[in-house]
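Coordinate-derived values only; no laboratory data. Predicted, not measured: the structure shown is a model, and the values here were computed from it. Using ideal geometry, Cβ is built from the backbone for each residue, glycine included, and neighbour counts are taken over all protein chains shown.
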Amino acid sequence: MDLEAFIWLIFLLMNMGLIALNFYQIISLSDLESDHLNPYKASSRINSVVIPEYLLHGAWCILFLLTGHWVFFLLNLLPVYLNVTKFMKRQHLIDVTEAFAVLSAEQKLRNVKMIFYLVLLAIVMIRLIFAINNHYADEGEALNFYGLF
């Protein structure tokens with residue numbers, strides 16, 4: 001497999017990991033809202049995956065930078081900045097005593113993140129398909145996406 005296709009495969013796997021972590025948080029918040037989980041259990045579930053999500057997203061952004069995919073790096077820079085800001089202010093964890101008070105805001109934040117990750121998933125999948133096609137295509141048959149993706 002071509003190195004470009006392998007890099008996009010790594011991006012795809014990292015993106016799917018971010019989607020899985022975010023989906024787990026959304027499910028935990030909806031279980032808290034519907035009273036299937038108590039605040040202690042819901043906050044401990046969510047807090048256990050927040051740091052891995054931040055680390056994976058940061059690694060994903062750095063990998064975009066190192067491989068020269070500037071548009072994707074710039075797209076991910078704002079969410080990474082927000083993650084770092086929340087981490088530095090110690091607001092990245094959900095407090096057990098305030099779980100119901102911040103429930104709506106946390107759900108909105110996770111839903112916006114999910115939409116962002118899903119849009120990037122579609123773009124990364126398109127780029128992976130282009131990379132695989134260009135690897136196996138002849139010189140004149142290669143797909144040219146003119147820097148759009």
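Results, tabulated for the structure shown:
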| read-out | value |
| --- | --- |
| Positive-end residue, the chain charge dipole about Cα centroid, Cβ charges, pick of Trp8, Asn38, Ile26 | Asn38 |
| Magnitude of the charge dipole, the chain, Cβ model with Lys/Arg +1 and Asp/Glu -1, debye to 20 | 600 debye |
| Amide H partners (placed H, <5 Å) of Ala99, local residues excluded | none |
| Selection from Leu121, Asn47, Gly58 lying farthest towards where the dipole of the stretch 14-149 points positive, charges on Cβ | Asn47 |
| Model label zone, Asn111; criterion: amide N under 19 Å from point 7 Å along Cα-to-beta-carbon; scope the stretch 12-48 | 19-36 |
| Degrees, to the nearest 10: 103-136 long Cα axis against longest axis of the chain | 20 degrees |
| Global size of the stretch 3-136 as Cα Rg and Dmax, reported in angstrom | 16.4, 57 |
| Relative contact order %, the stretch 13-131, counting alpha carbon pairs below 8 Å whose residues are six or more apart | 38 percent |
| Length released on extending from Leu65 to Ile51, taking residue separation times 0.36 nm less the Cα-Cα span | 2.9 nm |
| Formal net charge of residues neighbouring Leu78 (Cβ-Cβ distance under 15 Å; K, R +1; D, E -1) | +2 |
